[in-house]
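One structure is given below, encoded as structure tokens.
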Amino acid sequence: MATRGFPEGFAWGAATASYQIEGSVTADGRGASIWDTFAHTPGKVLNGENGDVAVDHYARYAEDVALMGSLGLNAYRFSLSWPRIQPGGRGVNGAGLDFYKRLVDELLEQGITPYATLYHWDLPQELQDAGGWPERDTAYRFAEYAQVAHEALSDRVKHWMTVNEPWCAAFLGYGSGDHAPGLRSSAQAVRAAHHLLLAHGLAAPLLKANDCLVGAAPNLYAVTPVSDSEADLDAARRIDGLQNRFFLDALLRGSYPEDVVADLEPFGFADVVQPGDLDLIGGKVDFLGINYYSRHTVSADPDAAGMVATSPFASASPWPGAESVAFVNAGRPVTDMGWEVDPGGLHEILTRVAKEYPSVPLYITENGAAYVDTVADGGVDDQERLDYIEAHLAACHDAIADGVPLKGYFAWSFLDNFEWGWGYGKRFGLVYVDYETQVRIPKSSAHWYGRVARHNGLS
Ligand code: LGS
């Protein structure tokens, strides 16, 4: 097949998040985050695992960056740990900031462009003790933290993302309780969702200084009803509304979809939004990051084969007003998480966002798959992961051919790591990590992806 080239300057990267890889949770004055507390609470993470050591990236960052460089990546998306930079959620911890300065220096030396995410779910515990994201004040605290991080790093980091997957942070953290801080209240979850977006809106103008570009990274899904019955269509409208339109409309249009606002009325949503908030939130992005993994096929029949794999302990619903919607397996192959592989859904999301919210440069800020990996002869042959990424890159290529302004792709994840409620059992990395020895072994997918990056295209 002819080479399917990508536009010049395309960012070929991989992504990680602080709590999932860094370890060293008490080093250099780091404070505690809600994930430290949650992971140390029995029954919240499979096998009682936690991020205390993770993949020791805090100590091994230079080796990790060198490996990225040798594979051929030209971009890296990582997140900053808020409690390293502001232990307790206030002030400035120079030693914590120094780690990110060292990391960024190493990246630039390897010719790798840094893309920094400010909030990938590790809220300082003290801010949760004061109420966390359901409290409006947390958004103002976030803007202060963003300012501190920007001042220290914006000479060298030009791409900033405010919040990663605000849907997860709000609805899994405060609604279903599957993620930290583990609260189960739809009313608190909808407050959290708005305040995460407000945090974005307050921080974005500060982050633009020094010629920086600002984005956010919501997780979007293709959504289809299992039939075109009125009830299933309405189930799909509700899930699409909460998962996609709520965040897209707020970030890109400065409004919330009327139907979603109406659905959230019983949870007190109208009282959460203050005059002027949506003007602050809307239209502040220079680019939009999209995290894409799968499609939701939904049914209004609560007895339909339900499947929402957000945690091994999945309990309460993370969908206010759509608690009885069932998630149906539509028969596609699944990954080790049980999530269906649907690259067509990525093409659908990209073309939809480009059409309905035009003129915003897009990045795929996460895409990838967990599969069971086996080390044999010193290597890991992960053909299924390679196939998953290749199919999704082909979908990106098609979308670009259709006119979508896609500027880059970040595989989730660079390294195997702490997969939240699932602990270390689920491996998403391009690079295998032996958790006993911390030895890194690039999988076949890493070697292949590096070649794609070097050639700027699929062959
Ligand atoms: O490790 C996380 C990855 C893995 O899969 C990362 O920290 C998050 O930003 C992100 O949530 N990640 C992720 N998301 C996929 C969720 C898929 C749920 C699919 C349900 C299908 C019906």
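The values are calculated or read from the model by the stated rules, or taken from the named source; none is laboratory data. Worth saying up front: this structure is predicted, and the values here are computed from it rather than measured. So basically every Cβ, Gly included, is an ideal-geometry build from the backbone, and we count neighbours across all protein chains shown.
Here are the numbers:
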| quantity | calculated |
| --- | --- |
| Index of the failed condition, Gly51 passing every other in (1) more than 16 Å from the ligand (Cβ to nearest atom); (2) assigned to a loop (DSSP other than H, G, I, E, B); (3) under 25 Å from Ala130 (Cβ atoms); (4) of a type in the set (Gly, Ala, Ser) | (1) |
| The range 93-132 - residue that is polar (S, T, N, Q) and not in a helix (DSSP H, G or I) and, of those, nearest to the ligand (Cβ to nearest atom) | Thr117 |
| Pick from the range 143-168, criterion away from the ligand (no atom under 16 Å from the Cβ), of a type outside the set (Phe, Trp, Tyr) and not in a helix (DSSP H, G or I), ranking: nearest to Tyr363 (Cα to Cα) | His159 |
| Flag for Asp64 being part of a loop (DSSP other than H, G, I, E, B) and in contact with a helix residue (DSSP H, G or I) (Cβ under 7 Å, 6 or more places away or on another chain) | no |
| Hey, Trp448 of a type in the set (A, V, I, L, M, F, W, C), surrounded by fewer than 23 Cβ atoms within 10 Å (Cβ to Cβ) and within 16 Å of the ligand (Cβ to nearest atom) or not | no |
| Which listed residue is in contact with a strand residue (DSSP E or B) (Cβ under 6 Å, 6 or more places away or on another chain) and either over 23 Å from Gly29 (Cβ atoms) or aromatic (Phe, Trp, Tyr) (or both), from Tyr100, Tyr115, Tyr140, Tyr145 | Tyr115 |
| Residue match in the range 409-428 (condition: more than 16 Å from the ligand (Cβ to nearest atom) and within 26 Å of Tyr58 (Cα to Cα)) | no |
| Pairs, first closer than 23 Å to Phe78 by Cα in the range 163-185, second away from the ligand (no atom under 16 Å from the Cβ) and acidic (Asp, Glu), C-beta under 6 Å, six or more apart | none |
| Test: residue in the range 76-83 that is over 22 Å from Asn456 (Cα atoms), in a loop (DSSP other than H, G, I, E, B), modelled with pLDDT of 95 or more and over 19 Å from the mean Cα position of the chain (by Cα) | no |
| Selection status of Leu393, at pLDDT 95 or above, touching a helix residue (DSSP H, G or I) at 6+ places or on another chain (Cβ under 6 Å) and either outside any loop (DSSP other than H, G, I, E, B) or buried (at least 17 other Cβ atoms within 10 Å of the Cβ) (or both) | no |
| Where a residue in the range 13-24 is within 17 Å of Tyr424 (Cβ to Cβ) and within 12 Å of the ligand (Cβ to nearest atom) and its partner, wherever it lies, is β-branched (Val, Ile, Thr) and outside any strand (DSSP E or B), with Cβ under 7 Å and at least six apart | Ile21/Val55 |
| In the range 338-387, residue surrounded by the most Cβ atoms within 10 Å (Cβ to Cβ) [restricted to those that are within 23 Å of Ser79 (Cβ to Cβ) and among the polar types (S, T, N, Q)] | Thr365 |
| Close pairs from the range 266-278: first at negative phi and surrounded by 11 or more Cβ atoms within 10 Å (Cβ to Cβ), partner of a type in the set (Lys, Arg) and part of a helix (DSSP H, G or I), Cβ under 6 Å, at least 6 apart | Val272/Arg191 |
| Residue list for the range 352-389, restricted to those being more than 18 Å from Ala11 (Cβ to Cβ), part of a helix (DSSP H, G or I), in contact (Cβ under 8 Å) with a residue 24 or more places away in the chain and under 20 Å from the mean Cα position of the chain (by Cα) | Arg385, Tyr388 |
| Condition check for Asp122: surrounded by fewer than 22 Cβ atoms within 10 Å (Cβ to Cβ) and within 30 Å of Met68 (Cα to Cα) | no |
| Sole residue being farther than 27 Å from Gly421 by Cβ, of a type outside the set (Phe, Trp, Tyr) and surrounded by fewer than 21 Cβ atoms within 10 Å (Cβ to Cβ), chosen from Ala130, Ala146, Ala95 | Ala95 |
